[in-house]
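Remarks on the structure that follows.
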Amino acid sequence: LPLLLFLPGSEASAFGPSGITNATLRYVSGGQLPVLHRSSPGMPAGVHGLEDGTIAVVNDTIHLFPTELHNCTTYEQALPGCGTYYYWHTLVGHWTAPLNDSLNWTRRQPITPLSGFQPCGVDNHHAQYWSGSPQWDQADDRWYMSYVGYNQVCPRGNGGDGRILLARSQVVGVEGIAGPYTELAAVTRMGGLLNQTGAQLWEAWASPGSTLPERLSEGGIASLSPAWRSARPDDPPNRRWAFYGSCGNHNKTENPSPSNPWGVGLAYSDHGVRGPWVRWNDNPLSFGGGIENPLVIRTSSGVYLMIFADNKDGPQLGFGFGWSLDGVVWEKNTGRGSDSGLCDQVIAAAPEPYSSVRTPLALLEHDPGRFTLYFTAFVSQHNSTDFRHPPSVPHEQWEALYASEFELVLTRE
């Protein structure tokens, strides 16, 4: 199955990427004005933006699963930090639009509840919800939704100690993507889909004896990408791969990530979405840029593309981009700046002055070699009109959804 464009019973084209020596994306149009923003019909009051998550397409309908960033509620206005930080609560939302009309969005029932106010030290991983990823399980004939549940970090700010939680649609079949979803308590109890069992040295686990020692300390970011099937001939037929991590890597001496402090690794499952998920021995991967929210798609050419938030160059230049012939081993590129010689390069989502971005949500191939990139960006920063952040201003800028058109450029022998 193509990762983000779901067509029941289909596989990516069998053309194969033989002879391809390089791949990149060339900007075509769009990406300057938001397609989903604070004034869009259905946007709840108190939402301060959309960030990360991803998209799936089912039966000519775009299903968007962003993290909705909600402000303080009325009863929290007197609490320390309210009015300074740009969100206090999150949920994994659900919006839909026709495949041919990315301006006409409808808000649906959210996947998770709105996270509640939680005092410091509560260890239930429901203080914030982030990074919703729809996962199709062919054997189960069901959609699952993975997302990260955090504890509260104090003083008030980003969540920490993330776990990759899993919810299962109550509706059988591809139409069940709309849910409702039920969180699987057994996965939560075991510490998420990837817990400390089998952890690798580059991962940011707390030291024994420290606060919450069994938890992954992700420095505010964690993710499990939607899974994909590789082109490796020795893979078992049911094997699916996914990126995990974006960890706040505090281990800088033993097997450090090139993307320090946010690194990623690959994991695979031979037994569906529930796993067990096994970490790849060659982790962490040699991507730069402070990688966040990596997304992979197998194109009709057979080449795999990856796009991710580059937290070093992205605020000014664009997204990290990489390509692979088999979906596991990623090709070296010349890149530029801090990423020179690593497996990624920087792709601008729109021409200057609209190059500042936040997170990618999807790269959808709608015609052979033609793609729509959905992404979020802080509105004023994207327009190059205001780059201030708290505490210079009381709240972060509003974060909206954009869409740009790209074409795939392949170099062959």
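Remarks
- Förster radius 22 Å - calculated FRET efficiency between Arg232 and Gln196, Cβ distance, rounded to 0.05: 0.20
- 11 Å beta-carbon shell around Asn293, net charge (K/R +1, D/E -1): -3
- Each other residue within a Cβ distance under 13 Å of Pro113 adds +1 if Lys or Arg and -1 if Asp or Glu, for a net charge of -2.
- Taking each residue as 0.36 nm, the span from Thr21 to Asn104 lengthens on full extension beyond its C-alpha to C-alpha distance by 26.0 nm.
- What the Cβ-Cβ distance of Asp270 and Val28 gives, at R0 = 51 Å and to the nearest 0.05, is a FRET efficiency of 0.85.
- Approximate spin-label separation Arg370-Asn124, in nm, with each point projected 7 Å along Cα-to-Cβ: 5.0
- Gain on full stretching of the segment that runs from Asp386 to Thr182 - 0.36 nm per residue minus C-alpha separation: 69.4 nm
- In nm, spacing of pseudo-spin labels at Arg239 and Glu405 (7 Å Cα→C-beta vector): 3.9
- Within-11-Å neighbourhood charge of Thr21 [Cβ basis; K, R +1; D, E -1]: -1
- The gain in end-to-end length when the Thr96 to Ala139 segment is fully stretched comes to 12.9 nm, 0.36 nm per residue minus the alpha carbon separation.
Rule-based calculations on the coordinates, nothing more; no lab input. Remember, it's a predicted structure, so these values are computed and weren't measured experimentally. Because the Cβ atoms are built from the backbone with ideal geometry, glycine has one as well, and the counts that use them run over all protein chains shown.
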